[in-house]
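See structure below.
Please treat every number below as a calculation from the coordinates, not as lab data. Just so you know, these numbers come straight off a predicted model, no measurement behind them. Note that we place each Cβ from the backbone using ideal geometry, even for glycine, and neighbour counts take in every protein chain shown.
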Amino acid sequence: MRRRHEMPFGASPVDGGGARFRLWAPAAKTVELCLGDETLAMDRAGDGWFETTRPARAGARYRYRIDRDLLVPDPASRFNPDDVHAPSELVDPLAYEWRDGAWRGRPWEEAVIYELHVGTFSPEGTYAGVERRLDALAGLGVTAVELMPLADFPGARGWGYDGVLPYAPDSAYGRPEDLKRLVDGAHARGLMMFLDVVYNHFGPDGNYLHAYARQFFTERYATPWGAAIDFEDERPVREFFVQNALYWLEEYRFDGLRFDAVHAIHDASRPDIVEEIADRVRSGPGREREIHLVLENDANRARYLARGPDGRPRRYTAQWNDDAHHAFHVLLTGESDGYYSDYADKPAARLARCLAQGFAYQGEPSAFRDGETRGEPSAHLPPTAFVSFIQNHDQVGNRALGERISRLASEAALEVAMTVLLLAPSPPMLFMGDEFAAATPFLFFCDFSGDLARAVTEGRRREFAGFEKFRDPAAADPIPDPGDPGTFERSKLDWASLSREPHASFLATVRRLLELRRREIVPLVSGIRGGSASTLEIGARAIEVRWPSGAAELVLLANLGDAPEPLREPPAGRLIHATHADARGTRLPAWSASWWLR
């Protein structure tokens, strides 16, 4: 089976041979196609479009010349083999033959997500390197692999959030067919594949849109990256991103997308671009197979997560629950700097609210944000609307030294947190290496050059100078330089550590918990309705959470503190799992958790 997403942008082979080239360049007077050694005029097609159809074979290199001067790659390039400033390559998507014709995805209730960075996950740092470890992930109990962004970014090293060619998977990891082979291989093993996409900004190096399509941007809104993308005034701008989402789902057969920082997208239209993308996906590939759309949204806008009468998502399946992470982190580390200060007063109670109702902040004032209210009511939503995690790429990599939680918390505390995370009804997410308590850091790295590279290095130092720990310039010396290739190399997972303790034992624990989740928890999840869960505080750092599911009730008892806590009565029901002996006693030991079915 062969697949191609039909889109109005870029270069696509046409029936009978040749290829159609199409560019939206409303600020350009002329556009020429530089195809191999030829420079060919392109026709005006109205509304800022230039197009031409020419004889060309897959593999041909091309770019556009703007106003007989500036050479630029195709912004909708399917592949840029020599990086973002070089010519694009004509790709025939029908050249790859898919083997997953029977694949229709998996229900969201079964989701156990594994987030990874392709370049640091394996020694090879390639799509093929990820593919070689799919059996291990499936055997662990993972059901979905989520790749950090792949949109072509400058250089050979980067997190992917500075991409400038959103349709071109970065050549540092392999060719387009290698990525398709990875997705195909995942489906053969029953694994869903998700992709992180960035629609709130373009990176600072290699974005030429300002030169010939300045209508892509607006000064009406300020963003951390400069002028905002203008989703309000130009239909081609909106369509560029709608088509991108459909492209990854149709041409690459991804089972879902994670949308980066949608709180930084500014759009007063109705529907806004976030809503329109979901609507187009639901009415397109979402009609034929299970497609899951997940948000990152610091504003906690619960309205995007609304369910229909049948309980299925109207638009977005779920949101990353940063509130749950922050509560976990305060409990495990005692840290209360920055945004953690909003969770330091009652971290266990805030975690319980996340487990039962979704967001900890549902319209309450945030002291960290100078009293500004944050969030919308979410208690009416089911647990499946919230992805929980103990860490992710941001929460590790944005620390000065990239320390993982396994370096900050005790083994006993980490096991309890993992027990809560992996057996709670909300879909859990592991960041690569979580499963074996990886000791290697995950650092911020990039591959810029010149003034931009220096600015990033200096900016990183200034960012952490505000922390007490790094106020002394000498104390900041250990902060790694993002542009140093060694920073990237240090971030690679150490798979050899799996043969050593405590990593081997921790991996066995996670595998056992995920098997329990599959057998005991997943059958209950679809029966848990929004607004039905309840919580109880047991002392300062211990909690009880109850989730009714049909005629049964799932119960968590957890103590995330150093002191034991008395219970009013012994736990009742069938014990699913406990981290401690004598789980039926009348005390919750320090750092303990037990799960019950009544």
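Which trypsin sites (Lys or Arg not before Pro) in the range 332-423 sit in a loop by DSSP (not H, G, I, E or B) and have at most 13 other Cβ atoms within 10 Å of their own Cβ?
Those that pass, being in a loop and sparsely packed, are Arg369.
One Cα centroid belongs to the range 45-68, the other to the range 306-320; the line between them spans 41 Å. From most to least packed by mean Cβ count within 10 Å, the peptides 194-206, 510-522 give 194-206, 510-522. If you model the range 1-113 as an ellipsoid using its alpha carbon gyration tensor, with each semi-axis the square root of five times an eigenvalue, the axes come out at 31, 16, 14 Å, biggest first. Using equal-weight Cα scatterers in the Debye expression, the normalised intensity of the chain in log10 at q = 0.09 Å⁻¹ is -0.72.
Using only the alpha-carbon atoms, how far is helix 450-465 inclined from the longest principal axis of the chain? Give it as 0 to 90 degrees, nearest 10. Long axis of 450-465 versus the principal axis of the chain: about 20 degrees. Comparing the range 431-532 with the 2.2 N^0.38 Å rule of thumb, its C-alpha radius of gyration ratio is 1.61 (two decimals). Approximating the spin labels as points 7 Å out from Cα along Cα→Cβ, the Ser499-to-Ser336 distance works out to 4.6 nm.
Using all pairs of distinct alpha-carbon atoms, the Kirkwood hydrodynamic radius of the range 376-506 works out to 16.9 angstrom. A cut-off under 15 angstrom between Cβ atoms defines the neighbours of Val456, and their net charge, with Lys, Arg +1 and Asp, Glu -1, is -3.
When DSSP assigns beta bridges and you keep just the ones with both residues in the chain, what percent turn out antiparallel, to the nearest 5? Among the beta bridges of the chain, antiparallel pairing accounts for roughly 70 percent. Our helix-only sum for the chain, with -39,500 (n - 2.57) per DSSP H run of n ≥ 4 divided by its residues, gives a mean residue ellipticity at 222 nm of -7000 deg cm²/dmol. Packing, taken as the mean count of other beta carbons within 10 Å per residue, orders the peptides 484-491, 43-50 from highest to lowest as 484-491, 43-50.
Relative to one another, the C-alpha centroids of the range 396-418 and the range 542-595 are positioned 24 Å apart. Note on the chain: dipole from Cβ charges, positive end direction compared against Tyr127, Ala222, Gly539; the farthest Cα belongs to Gly539. Counting every pair of alpha carbons in the range 378-438, the share spaced more than 12 Å apart comes to 69 percent.
How many percent of the alpha carbon pairs in the range 323-428 exceed a separation of 24 Å?
21
Contact order, relative form, for the chain: 11 percent (alpha carbon pairs under 8 Å, 6 or more residues apart, mean separation divided by residue count).
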